[in-house]
């Protein structure tokens with residue numbers, strides 16, 4: 001029993017020293033990246049959604065984040081769709097929307113749109129999954145630019 005415990009302790013010690021050795025030390029004067037805030041998102045983001053990993057555009061869109069912490073998505077020739085900010089941290093924001101009439105499938109409803117986006121230098125890139133009323137799904141990517149006033 002002592003042999004097994006000593007072996008396990010040795011293994012844990014070895015693995016922790018490897019992890020410590022691989023950790024990149026902070027350089028002098030280097031700043032830690034600031035976490036994304038609502039004020040970073042505030043305003044309009046104009047972009048497009050693409051199907052799958054292709055560059056075939058499904059639709060143009062405008063994502064809006066207001067000062068009172070409300071979010072919406074505007075699709076061509078449609079009323080804005082309210083969005084919920086589910087999580088925000090690091091450089092990422094997770095939003096959900098739905099239900100709303102589908103842009104790609106006439107007569108169907110998107111019951112849930114789930115998008116994870118990364119924000120840097122006034123650019124947003126991400127991926128989404130749209131679930132429909134008949135159980136079908138579409139996966140894709142998005143990209144948008146912060147519309148500067």
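Details
- Residue count for the stretch 81-106, restricted to those that are part of a loop (DSSP other than H, G, I, E, B), more than 16 Å from residue 139 (Cβ to Cβ) and either touching a residue at least 60 places away in the same chain (Cβ under 8 Å) or touching a strand residue (DSSP E or B) at 6+ places or on another chain (Cβ under 7 Å) (or both): 2
- Across the stretch 62-71, the number of residues qualifying as on the phi < 0 side of the Ramachandran plot and either exposed (fewer than 15 other Cβ atoms within 10 Å of the Cβ) or free of Cβ contacts under 8 Å to residues at least 12 places away in the same chain (or both) comes to 4.
- Condition check for residue 111: in contact (Cβ under 8 Å) with a residue 24 or more places away in the chain, part of a strand (DSSP E or B), out of contact with any helix residue (DSSP H, G or I) (no Cβ under 7 Å at 6 or more places or on another chain) and surrounded by 14 or more Cβ atoms within 10 Å (Cβ to Cβ): no
- Any hit, the stretch 117-126, residues being touching a residue at least 24 places away in the same chain (Cβ under 8 Å), within 17 Å of the chain's Cα centre (by Cα), surrounded by fewer than 15 Cβ atoms within 10 Å (Cβ to Cβ) and part of a loop (DSSP other than H, G, I, E, B): yes
- Test for residue 131: is it without any contact (Cβ under 8 Å) to a residue 60 or more places away in the chain and in contact with a strand residue (DSSP E or B) (Cβ under 6 Å, 6 or more places away or on another chain): yes
- Once the stretch 48-61 is narrowed to residues that are in contact (Cβ under 8 Å) with a residue 24 or more places away in the chain and part of a strand (DSSP E or B), the residue that is surrounded by the most Cβ atoms within 10 Å (Cβ to Cβ) is 49.
- Residues of the stretch 127-149 classified as under 13 Å from residue 44 (Cα atoms) and buried (at least 18 other Cβ atoms within 10 Å of the Cβ), total: 2
Read-outs throughout are calculated quantities, based only on the coordinates presented, and are distinct from any laboratory measurement. Please read these numbers as outputs of a predicted model, since none were measured by experiment. Neighbour counts run over all protein chains shown; Cβ positions are idealised from the backbone, glycine included.
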